[in-house]
Amino acid sequence: MATVSRRQTLGLGLGAGLSVTMIGSRDEAAAAPSDATFSLLLVNDIYKMSGVKGRGGFAKLAAVVKQERARGVPMLFCHAGDTFSPSLMSGFDQGAHIVELTNMIRPDVFVPGNHEFDFGKDIYLQRMGEAKFPFFAANVRQADGTPVPGVRDSEIFTLGSVKVGVVGLALAATPGMSQPGDLRFAAELETLRSEAGKLREQGADLVVCVAHADRETDYAIVRSRLVDILLTGHDHDLAIGYDGRTVMVESSEEGNFVTAIDFVVSATHGGSERKITWAPSFRVHDSTTLDPDPEVLAAVERYEAMLSKELDVEIGTTVTELDSRSITVRSQEAAIGNLIADAIRALTGADVAITNGGGIRANRLYPAGTQLTRRDILSELPFGNTTSMVEMAGIDIKDALENGVSRFQQGAGRFPQVSGLRIEVDAKAPVGSRIVKIEVNGEPLDPAKRYRVATNNFMLAGGDGYLAFGRGRVLIGATDGNLLANEVMIYVRSKGTVDPKVERRIVIR
């Protein structure tokens with residue numbers, strides 16, 4: 001498969017029959033194959049209402065969708081999930097504004113990502129009820145095993161002369177990453193094997209899987225040959241691949257790049273048997289080159305004005321540089337992680353604090369001397385998580401930290417940012433045995449001693465694999481704590497000036 005990361009330029013390595021065109025103007029958009037039978041359009045992982053430096057955002061995405069629908073070629077617009085959260089405004093309205101904006105572009109297929117469940121099952125169902133677009137998730141069921149009302153497993157769409165079967169798959173690991181309550185998530189491949197078979201039995205000429213899935217699962221789906229086309233999200237890459245048998249596409253993030261796939265299909269008949277031959281070509285819309293859709297832009301600007309009144313208020317100054325880039329907070333000690341962990345520890349009165357790097361989300365640098373605002377803190381901590389505290393044995397703290405460093409080479413969100421702790425990590429040691437030294441407030445960790453550990457409600461519930469918290473005695477429960485972002489704001493405001501720095505709390509050897 002030919003794959004290009006969003007971190008690379010678009011110098012694509014071409015796979016079998018792979019033709020890719022970068023679309024840089026409205027005129028170029030018409031350069032799709034004149035004999036295209038149908039097209040697929042994919043977006044995934046769009047959180048921010050507005051673009052950044054002219055790229056991405058809902059108004060640019062709407063312009064792409066409108067342009068593609070105006071071509072007159074049968075087209076299916078697919079959304080591979082992750083959008084209700086962690087938008088900045090979602091901290092206030094739990095994703096209601098995202099539903100309004102998505103209603104304005106109306107995907108034909110929407111697969112919920114793990115972030116659709118960040119505010120719990122009830123809010124997810126409420127947002128789904130407000131949506132004017134169909135949800136697909138064949139592997140999600142209610143606690144009793146019955147389908148979730150209003151969610152489709154699969155459907156056959158007639159696009160020109162072709163019957164295209166579409167199945168939706170949510171991320172099976174969602175319960176460990178978000179808060180879907182008692183909803184059950186089945187294994188992706190097991191579900192896909194069943195649904196793809198049904199679609200082909202029902203007469204589908206081609207089968208498309210729209211999935212919110214990690215890259216390992218993506219590749220497993222491609223290798224399985226269960227589907228002809230995989231449209232995916234979750235990894236935030238611009239990835240385009242075709243190996244002569246199966247297409248795989250992911251469309252970056254934030255609507256920065258939006259991928260259109262054109263299919264030229266022909267059919268032959270041998271007796272009662274219908275045989276399909278097809279070939280794909282790919283067009284990548286670079287959102288910097290489009291004018292925003294005026295109607296959607298007006299809605300975005302209305303929401304941004306509402307936000308500004310609440311958020312553009314200074315609360316303190318950082319003397320030191322803060323780095324919240326994902327590559328930093330998910331793999332090493334970070335000054336901003338220390339700031340957040342210190343705030344949790346101070347305001348709960350805990351002995352130590354552990355928070356997950358994946359919960360720090362703005363992905364930016366703050367130069368020394370930056371005036372921090374409410375917007376900055378809520379951008380960093382958008383999930384609506386609350387503070388929690390557990391009394392737990394030292395041996396369980398070690399287990400929690402071992403989980404935290406178990407996948408840091410892969411940039412997993414479970415990487416710990418800590419306060420009151422100093423740990424040394426042997427990166428070459430086996431998972432589960434990587435931590436070689438732990439100090440609690442300058443003293444060696446006592447495996448039998450019980451400590452008060454502050455964290456967030458997501459981790460308290462076992463999120464990101466932090467099952468060790470479940471072995472402790474809960475002092476501040478999931479519904480008892482204060483909003484994490486507010487606690488950090490209070491901490492910064494009380495200090496006036498903060499100077500967090502990397503100080504060897506976590507040493508990786």
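Read the figures in this text as sums done on the coordinates, not as results from a lab. If you're wondering where the values come from, they're calculated on a predicted model, not measured in any experiment. Counting neighbours? That spans all protein chains shown, and the Cβs are built from the backbone with ideal geometry, glycine included.
Describe numerically, in nm with one decimal, the distance between label points set 7 Å from Cα along Cα→Cβ at LYS309 and at GLN409.
Between LYS309 and GLN409, the label points sit 5.2 nm apart.
Taking only DSSP H segments of four or more residues, each worth -39500 (n - 2.57), what value at 222 nm results for the chain once the sum is divided by all its residues, to the nearest 500 deg cm²/dmol?
-7500 deg cm²/dmol
Which of the lysines could be linked to LYS48 by a straight reach, that is with a Cα gap under 23 Å, when you skip same-chain ones fewer than 8 residues away?
Answer for LYS48, where 23 Å is the Cα cut-off: LYS60, LYS66, LYS121, LYS132, LYS309, listed by chain and number.
Where both residues lie in the chain, what percent of DSSP beta bridges are antiparallel, nearest 5?
65 percent
Which label marks the calculated value of Rg/Rh (Cα atoms, Kirkwood Rh), given the options (1) 0.99; (2) 1.15; (3) 0.97?
Checked against the structure: label (1).
Give the peptides 461-469, 412-420 in descending order of average Cβ contacts within 10 Å, highest first.
So the peptides 461-469, 412-420, ranked by packing, come out 412-420, 461-469.
Evaluate the charge dipole of the chain about its Cα centre and quote only its size in Debye, nearest 20, assuming +1 on the Cβ of each Lys and Arg and -1 on the Cβ of each Asp and Glu.
580 debye
Lysines near LYS398 by alpha-carbon distance under 22 Å, same-chain residues fewer than 8 away left out - which ones?
Candidates past the 8-residue exclusion: LYS428, LYS437, LYS449.
What net charge is computed for the residues neighbouring GLU503, neighbours being all others with C-beta under 15 Å from the C-beta of GLU503, Lys and Arg scored +1, Asp and Glu -1?
-2
Taking a spot 7 Å from the Cα of ALA427 along the direction of its beta carbon, which residues of the range 300-334 have an amide N less than 15 Å from it?
327-334
What does the highest-first list of 140-146, 400-406, 121-127 look like by mean Cβ count within 10 Å?
The densest-packed peptide leads the list: 400-406, 121-127, 140-146.
Under a point spin-label approximation (7 Å from Cα along Cα-to-Cβ), what is the LEU467-ARG325 distance to one decimal in nm?
Label at LEU467, label at ARG325, 3.5 nm between them.
Where does each of THR289, THR83, THR102 land when they are ranked from fewest to most other beta-carbon atoms within 10 angstrom?
THR289, THR102, THR83
For LYS501, which aspartates and glutamates qualify as cross-link partners when the Cα separation must be under 14 Å and same-chain residues fewer than eight apart are set aside?
LYS501 reaches GLU321, ASP323, GLU333, ASP342.
For ALA96 and ARG184, what is the calculated FRET efficiency with R₀ set at 22 Å and r taken between the beta-carbons, to the nearest 0.05?
Once rounded, the FRET efficiency stands at 0.25.
Is the range 20-304 rounded, prolate or oblate when judged by the Cα gyration tensor, a ≥ b ≥ c being the square roots of its eigenvalues, rounded requiring a/c under 1.5 and prolate requiring a/b larger than b/c?
Oblate shape, in that a/c is at least 1.5 and b/c is the bigger or equal ratio.
Find out how many positive minus negative residues lie around MET489, taking Lys and Arg as positive, Asp and Glu as negative, among other residues whose Cβ is under 14 Å from that of MET489.
Local net charge: -3.
Net charge within 14 Å of GLU273 by Cβ-Cβ distance, Lys/Arg positive one each and Asp/Glu negative one each, not counting GLU273 itself?
Overall, the nearby charge balance is +2.
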